[in-house]
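Just passing along the structure, written as structure tokens.
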């Protein structure tokens with residue numbers, strides 16, 4: 001997948017709808033200090049599902065909404081749309097038939113938010129699933145903060161293994177395996193609880209069976225008394 005277009009509305013310093021095209025080849029965002037270059041990277045992080053406010057250089061998630069400036073009132077919503085070209089077949093199976101994939105994230109000042117894939121509501125998990133396995137390979141991309149490039153070269157064995165697996169594109173499958181194992185474990189716990197319930201019900205059924213037998217014996221005695229000693233009941 002390749003970046004094609006980024007559209008921002010009400011995100012940080014972008015009060016009006018802005019569109020940034022990413023042409024074929026190497027692209028760079030150039031501009032003076034304070035022009036909003038870092039906000040573009042923040043927008044990419046945000047629409048890709050970033051949940052850490054610290055990574056977005058804010059104190060609260062609503063800080064991504066345009067707060068107003070001279071002559072411009074604050075806005076109540078921030079929206080970022082990212083269009084990806086699906087030209088190398090790295091998209092998940094359910095999206096392989098689409099030549100372009102549009103990801104949208106929307107946040108209201110009231111706290112309501114939404115995620116969309118091709119303008120259809122989706123879960124954050126679906127957004128993450130698209131980028132799992134994108135990795136650090138030569139045909140993919142990753143967002144690395146300024147000054148953190150050394151985290152790759154100086155990484156320990158476990159961290160280096162993570163980078164290698166990400167570059168190999170197996171992170172998506174490892175994540176699915178982890179989810180499957182978690183579901184299996186949950187099912188085992190549910191089965192244990194069901195067995196406990198079954199054992200408890202069986203104990204109750206055994207008690208009820210004993211009560212049924214006693215009731216049947218009582219009925220038989222009552223029947224014998226009524227049929228065998230009619231005069232006794234007449235006198236009473």
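Computed from the coordinates by the stated procedures, all read-outs in this text should not be read as laboratory data. Predicted model, so just to flag it, every value in this text is computed and none were measured. All Cβ positions, glycine included, derive from the backbone under ideal geometry; neighbour counts span all protein chains shown.
Would you compute, from DSSP H runs of 4+ residues alone, the mean residue ellipticity of the chain at 222 nm, taking -39500 (n - 2.57) per run and dividing by the full residue count, rounded to the nearest 500?
-14000 deg cm²/dmol
Further question on the same structure: Give me the angle, in degrees from 0 to 90, between the Cα long axis of helix 37-47 and the longest principal axis of the Cα atoms of the chain, rounded to the nearest 10.
For helix 37-47, the angle is close to 20 degrees.
While we're looking at this one, here's another question. Stokes-Einstein at 37 °C, 0.692 mPa s, Kirkwood radius from Cα pairs: D for the chain in µm² s⁻¹?
Estimated diffusion coefficient is 142 µm²/s.
Given labels modelled 7 Å from the Cα in the Cβ direction, how far is it in nm from residue 108 to residue 185?
3.7
Something else: So what's the projected area for the stretch 1-66, the Cα convex hull averaged over all directions, in nm²?
Average of the hull's projected areas for the stretch 1-66 equals 4.9 nm².
Expressed as an acute angle from 0 to 90° and rounded to the nearest 10, what is the orientation of the C-alpha long axis of helix 157-168 relative to the principal long axis of the chain?
The helix 157-168 is inclined about 80 degrees to the chain.
Considering the chain as a Gaussian network with a 10 Å cut-off on Cα pairs, which listed residue, 110, 52, 38, attains the greatest mean-square fluctuation?
The residue with the greatest mean-square fluctuation here is 110.
Moving on. Tell me, in nm to one decimal, what length is gained between residue 202 and residue 22 on full extension, where the rule is 0.36 nm per residue of separation less the Cα-Cα distance?
58.0 nm
Restricting to Cα pairs below 8 Å that are 6+ residues apart, what does the relative contact order work out to for the stretch 1-61? Please round to a whole percent.
So the answer I get is 22 percent.
How big is the convex hull of the Cα atoms of the stretch 44-88, per residue, in Å³?
Taking only Cα atoms, the stretch 44-88 has a hull volume of 101 Å³ per residue.
Continuing with this model, one more query. Nearest 10 degrees is fine. How inclined is helix 171-228 to the longest principal axis of the chain, computing both from alpha carbons?
The answer is roughly 10 degrees.
Grab the eigenvalues of the alpha-carbon gyration tensor for the stretch 2-126, scale each by 5, take roots, and send me the semi-axes largest first in whole angstrom.
For the stretch 2-126, the semi-axes come out at 25, 18, 12 Å.
Given labels modelled 7 Å from the Cα in the Cβ direction, how far is it in nm from residue 128 to residue 153?
With each label point 7 Å from Cα toward Cβ, the separation is 3.1 nm.
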